[in-house]
1. Quick check on LEU166: is it in contact with a Leu (Cβ under 7 Å, 6 or more places away or on another chain) and either assigned by TED's automatic domain parsing to the domain that holds ASP349 or free of Cβ contacts under 8 Å to residues at least 60 places away in the same chain (or both)?
2. Evaluate the following for SER390: is it modelled with pLDDT of 95 or more, over 27 Å from ALA29 (Cβ atoms) and crowded, with 23+ Cβ neighbours inside 10 Å?
3. For region 125-135, state whether one or more residues are among the aliphatic types (A, V, I, L, M), in the same structural domain as GLU42 (by TED's automatic domain parsing) and part of a strand (DSSP E or B).
4. Just to be sure, is PHE148 farther than 18 Å from GLN46 by Cα, touching a residue at least 12 places away in the same chain (Cβ under 8 Å) and of a type in the set (A, V, I, L, M, F, W, C)?
5. Considering only residues of region 234-251 that are more than 18 Å from GLU290 (Cβ to Cβ) and either in contact (Cβ under 8 Å) with a residue 24 or more places away in the chain or among the polar types (S, T, N, Q) (or both), which is surrounded by the most Cβ atoms within 10 Å (Cβ to Cβ)?
6. For region 326-383, give me the residue count where each residue is aliphatic (A, V, I, L, M), in a loop (DSSP other than H, G, I, E, B) and closer than 28 Å to GLY165 by Cβ.
7. All but one of (1) buried (at least 24 other Cβ atoms within 10 Å of the Cβ); (2) in contact with a Phe, Trp or Tyr (Cβ under 8 Å, 6 or more places away or on another chain); (3) charged (D, E, K, R) hold for ASP222, so report the exception by its number.
8. What residue, among those in region 352-361 that are surrounded by fewer than 24 Cβ atoms within 10 Å (Cβ to Cβ) and either free of Cβ contacts under 8 Å to residues at least 40 places away in the same chain or out of contact with any Ser or Thr (no Cβ under 6 Å at 6 or more places or on another chain) (or both), is nearest to ALA396 (Cα to Cα)?
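The values are calculated or read from the model by the stated rules, or taken from the named source; none is laboratory data. The structure presented is a predicted model; accordingly, all values stated were derived computationally and were not measured. So basically every Cβ, Gly included, is an ideal-geometry build from the backbone, and we count neighbours across all protein chains shown.
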Amino acid sequence: MITAHQIRKDDHHMIHFASTSFSPSEMQALLDFRRKLHQHPELSEQEQKTTAQIRAALFSLGLEELDLGLPTGVAAILRGKQHDAAVLLRADIDALPVEESTEWAYSSQIPGTMHACGHDVHATALLGAAALLRQHKNDLPGDVLFLFQPAEETMVGAEKVIAAGLLQRFPIRAVFGMHVWPQLESGTVGLHAGPVTAAKDVFQIMLQGDGGHSSSPHLTHDSIVCGAELILALQSIVSRNLNPFDPAVLSVCSVHAGSCDNVIPDQMSLLGSVRTFSAEGRKLIRKRIEELSKAIAAAHECRAEISFVPGLPSAVNSAQLMSTARLAVEATYSENGIVECGSVSFSEDFSLYGDIAPSFFYLFGVHEPGTERYPLHSPFFCPSDQASASAAALLANSATIFLENEI
């Protein structure tokens with residue numbers, strides 16, 4: 001593993017980028033690209049116009065497009081001096097079913113659809129990184145792949161990209177990605193070695209009782225009373241069964257039972273999700289959901305059927321890429337731009353690329369001082385135009401620093 005000290009010894013040989021690396025005309029082209037994306041958002045696996053816009057922009061840069069093998073999404077490659085090692089830079093491109101409320105001049109023109117998670121910034125940053133790296137193509141020790149991935153919000157995009165087989169054709173040694181993060185200030189980037197996003201699993205519990213007239217509850221086995229007790233008991237799993245140094249979130253998000261005011265229903269369904277950061281915690285929570293559901297159902301003379309839908313694993317930032325990540329942030333901003341952050345509880349299908357090669361996922365600060373801090377997926381969330389150029393520099397620096405020092 002290369003250390004930060006070793007990297008700095010040859011620092012004068014490196015190509016470094018910042019937002020100021022773009023000429024005024026290049027910066028305007030980047031802004032226009034982002035604004036057009038933001039105005040025309042498309043939902044997961046419907047990103048046809050987005051794909052066409054990205055493809056046209058890459059063609060104008062003279063990049064070689066690769067056949068991704070999917071209806072939407074784009075992949076391209078910038079070939080360096082050697083072809084025995086490559087870096088993959090990834091951005092997601094899909095939007096959310098959210099009605100935009102920002103009143104920005106370039107707000108969404110598609111009713112009920114918005115880039116409320118900042119994927120327009122991610123895609124623009126990746127395009128900007130390609131533009132920066134293209135200027136130094138002859139100086140790159142290895143190849144750089146650019147992946148504009150569809151369908152992150154529905155958590156199927158990365159799986160389909162990997163299954164299509166393109167990435168396995170290249171000697172990828174590292175994968176870098178990022179997410180805009182409103183909890184951090186602009187000019188900063190959150191770094192964390194180890195699990196950085198949560199694994200997510202979905203559970204559904206069907207409680208079967210015996211319904212009847214609401215005036216005679218003693219003649220029923222009430223699924224609602226059973227479910228109410230179970231909902232409270234499930235909240236004890238994290239606080240009483242899990243190691244307090246192993247964070248997790250368990251949420252019951254949907255409850256359905258009954259349809260009128262004088263019938264005690266015979267069924268109640270609970271739907272929820274679990275987010276964890278360790279395999280042990282993931283396994284324990286599932287075990288306790290099953291145990292509590294069956295025990296509480298039995299206590300109420302009801303029956304419980306539990307089903308689980310395994311979701312994404314946690315994205316684990318490779319310790320061996322930490323030095324590269326730190327130097328990339330320092331090159332983009334300065335040492336003051338580094339924020340040592342912990343894990344975050346949202347889930348990301350970027351985690352699957354960790355099976356391809358060591359990976360690193362940045363939390364890219366976008367909150368502007370003096371402005372309201374809106375969360376991801378808010379109808380008011382919209383990072384400033386300036387975020388894309390700095391994020392582009394961060395991705396480009398990640399590729400050059402890794403290739404210069406790890407090959």
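1. On the way: in contact with a Leu (Cβ under 7 Å, 6 or more places away or on another chain): yes; either assigned by TED's automatic domain parsing to the domain that holds ASP349 or free of Cβ contacts under 8 Å to residues at least 60 places away in the same chain (or both): yes.
When the stated conditions are applied, LEU166 passes them.
2. Values: modelled with pLDDT of 95 or more: yes; over 27 Å from ALA29 (Cβ atoms): no; crowded, with 23+ Cβ neighbours inside 10 Å: yes.
The answer is no for SER390.
3. Going through region 125-135, the residues among the aliphatic types (A, V, I, L, M) turn out to be 125-127, 129-133.
Now restrict to residues that are in the same structural domain as GLU42 (by TED's automatic domain parsing): 125-127, 129-133.
Still in the running and part of a strand (DSSP E or B): none.
Among the residues of region 125-135, not one is among the aliphatic types (A, V, I, L, M), in the same structural domain as GLU42 (by TED's automatic domain parsing) and part of a strand (DSSP E or B), which makes the answer no.
4. So PHE148 fails the test.
5. Result: PRO247.
6. 2
7. Against the list (1) buried (at least 24 other Cβ atoms within 10 Å of the Cβ); (2) in contact with a Phe, Trp or Tyr (Cβ under 8 Å, 6 or more places away or on another chain); (3) charged (D, E, K, R), ASP222 comes up short only on (2).
8. ALA357
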